């Protein structure tokens, strides 16, 4: 898959890293590396919608721009009622 072949290009902005840490309650020093590990996990499911890729893994969704490989945001999955 294209995204897995380009994991080295994965990056985010300073504000993006803060947003991801806040949304997922992460306590790590390198959010990009954390996201790389999640995207590379065997159970990760990737779906492309328009210009973005949505990676669902371990009860969270990571949004990545399909062209620039910028991690835009990440959210916890909402529980179905």
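The values are calculated or read from the model by the stated rules, or taken from the named source; none is laboratory data. As the structure is a computational prediction, the values presented were derived from the model and not from experiment. Using ideal geometry, Cβ is built from the backbone for each residue, glycine included, and neighbour counts are taken over all protein chains shown.
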Of those in the stretch 62-75 that are in contact with a helix residue (DSSP H, G or I) (Cβ under 6 Å, 6 or more places away or on another chain) and part of a strand (DSSP E or B), the residue surrounded by the fewest Cβ atoms within 10 Å (Cβ to Cβ) is 75
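Test residue 79 against the criterion of being part of a helix (DSSP H, G or I) and more than 11 Å from the chain's Cα centre (by Cα), and give yes or no.
Here the answer is no, as residue 79 does not meet what is asked.
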Within the stretch 31-61, of all residues that are in contact (Cβ under 8 Å) with a residue 40 or more places away in the chain and under 11 Å from residue 3 (Cα atoms), the one nearest to the chain's Cα centre (by Cα) is 55
* Asked: Just wondering, is there one or more residues in the stretch 4-20 that are part of a strand (DSSP E or B) and surrounded by 10 or more Cβ atoms within 10 Å (Cβ to Cβ)?
  -> yes
Reported set for the stretch 37-51 where residues are surrounded by fewer than 15 Cβ atoms within 10 Å (Cβ to Cβ) and in contact with a strand residue (DSSP E or B) (Cβ under 9 Å, 6 or more places away or on another chain) is 41, 43, 45, 47, 48, 51
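What residue, of 27, 59, is modelled with pLDDT under 95, at positive phi and loosely packed, with under 14 Cβ neighbours inside 10 Å?
Unique residue meeting the criteria: 59.
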